[in-house]
Amino acid sequence: MKKFLAAILTIALAISLLAACGGGNAKPSDGGNSGASSGENHPAPSAEPAADSNWPEREVRLIVPYGEGGGSHKVSLAIKEVSEKLGVMKKPFIAVCMPNAATLEGQEEVLYGDPDGYTILMHHNAMINGYALGKQDFTYDSFRMIGQIYETPLAIAVRGDFPADDLNGLVEEIHNNPGKYKWTWAGSGGNTHFASYVFYNAAGISADEIVPCITKGDSDSVVQCVGGTADIVIAQGNALEEYVKSGDLKCLGSSAEDTITVGGTEVPSWKSAGYDGTYNLRFFGFLPKDTPDEVANAVADVFEKVVNSDEFAQSMAAQGIEPHWLPAGEAVAAFEAEAEKMNEIAKQMG
């Protein structure tokens, strides 16, 4: 009997010890603030990653919703190369171009991707424009902002044999030959589409005076213009650079406030030629909406170090771009301000 009672007491003691230690493998409660749930408004990533973040443990895809060789692709490659030079990544970035379905393929790859930091959207304010036109049912607040990488004007260029050498000559040619010249847009509803309308309004060009030539990105637009399929291209300066240097293209004017340099050539602003319009393309990084704070912070830390580095500044200078890092909160505010302007242009487009 004594042995039986001793056995019962031993079992009871073991059970009480297990109960006391039962939380050994569970995280202590933090009042519900341990992580964000789906649909929550996430705070902006802090300047430093969380100490317990193991990101990245494998390659990280930079999803570019445009074709290879365009401005977005070139900047994404620069981020990859500079991050490797600086040694800020345990595993490398890889740039992946997904230009189909008018950029929706690439955007949706991240929108519906796993929120683990391994799929990043490299996109610009064309996202606002597509939403304003009703071409997509999501916009910047459907993602988690990493930050702004740069902002840059767009430039208008023509082939080397085009019968105009400046913006005034271009506008005159269009007015004198309505319906003759093909003007590229890198996707309907993209930045180049909206920037074109800013210029049309400033120059008094009606939409029916030009023939739209819709392409899959800046690189495609440039190739079509150089190859003779189109006559006029509007694109980021880094997509025009080598063709301006070679003389295949003439850069006539940009949407900047002041003169810029493309391919070693000074390019006047639209304003200086008498056309009162400006437009800036803003380039950002985005994560899936529900990416945890510790991962988003780690990603933002890498992006900030790369974008603010001398190496990245030098790489962008060769493309005619000056980096301008904005952390998540400021980047979202910039996006919101742009959205108001683009909504007005979208109404004009119908």
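Between Gly253 and residues 5 or more places away or on another chain, which pairs have amide H atoms under 5 Å apart, with H built 1.01 Å from N, and which residues are they?
The list, which skips near neighbours in sequence, is Ile156.
Lys305: which lysines have alpha carbons under 17 Å from its alpha carbon, excluding same-chain residues fewer than 8 sequence positions away?
In chain and number order, the partners are Lys80, Lys85, Lys90, Lys91.
Extension gain Lys347-Glu330, at 0.36 nm per residue separation less the Cα-Cα distance, in nm? Spell out each step's value before the answer.
Details: separation 17, 0.36 × 17 = 6.12 nm, distance 2.67 nm.
Once the chain is fully extended between Lys347 and Glu330, it gains 3.4 nm.
Any idea what log10 I(q)/I(0) is at q = 0.20, 0.27 Å⁻¹ for region 301-350, Debye with uniform C-alpha scatterers and no solvent?
Calculated log10 I(q)/I(0) at the listed q: -0.77, -0.93.
Show which aspartates and glutamates lie in cross-link reach of Lys180 when reach means a straight Cα distance below 20 angstrom and same-chain residues fewer than eight apart are skipped.
Leaving aside aspartates and glutamates fewer than 8 places away in the same chain, those within reach of Lys180 are Asp161, Asp165, Asp166, Glu172, Asp208, Glu209, Asp231.
What aspartates and glutamates could a cross-link reach from Lys347, if we take a straight Cα to Cα line under 16 Å and drop same-chain neighbours fewer than 8 places away?
Glu338
Express in whole angstrom the spacing between the alpha-carbon centres of region 330-350 and region 87-130.
21
On full extension of the chain, what length is gained from Ile94 through Asp165, given 0.36 nm per residue of separation minus the C-alpha to C-alpha distance?
Working: separation 71, 0.36 × 71 = 25.56 nm, distance 3.97 nm.
Separation in residues times 0.36 nm, less the Cα-Cα distance, equals 21.6 nm.
Determine which residues of region 123-148 fall in the zone a paramagnetic label at Asp114 would reach in this model, i.e. backbone nitrogen under 20 Å from the point 7 Å along Cα→Cβ.
143-144
Taking amide H positions as placed 1.01 Å from N in the peptide plane, with prolines and chain starts having none, which residues 5 or more places from Gly160, or on another chain, fall under 5 Å of its amide H?
Leu249, Lys250
Just to be sure I understand the model, the point goes 7 Å from the Cα along the line to the Cβ. What's the resulting Ala273 to Ala207 distance in nm?
In this crude label model, Ala273 to Ala207 measures out at 2.2 nm.
Please work out how much length the chain gains when fully extended from Asp137 to Ala318, using 0.36 nm per residue of separation minus the C-alpha to C-alpha distance, in nm with one decimal.
Between Asp137 and Ala318, full extension yields an extra 61.5 nm.
For Phe143, list long-range residues whose amide hydrogen, built 1.01 Å from N in the peptide plane, is under 5 Å from its own amide hydrogen.
Here the answer is none, since no amide H 5 or more places off falls under 5 Å of that of Phe143.
Sort region 153-273 into rounded, prolate or oblate with this rule: let a ≥ b ≥ c be the square roots of the eigenvalues of the Cα gyration tensor; rounded if a/c is under 1.5, and if a/c is not under 1.5, prolate when a/b is larger than b/c, oblate otherwise.
Values: a/c = 1.26, a/b = 1.12, b/c = 1.13.
Judged from the Cα gyration tensor, region 153-273 comes out rounded (a/c under 1.5).
List, in order, the whole-Hz ³J(HN,Hα) value for each residue of region 125-134 obtained from phi through the Karplus relation with A = 6.51, B = -1.76, C = 1.60 and θ = phi - 60°; use x for Gly and Pro.
The phi angles translate into 6, 4, 4, 5, 5, x, 5, 4, 8, x Hz.
Rule-based calculations on the coordinates, nothing more; no lab input. Everything numeric here is computed off the predicted structure, so don't read it as measured data. Cβ: placed from backbone, ideal geometry, glycine included. Neighbour counts: every protein chain shown.
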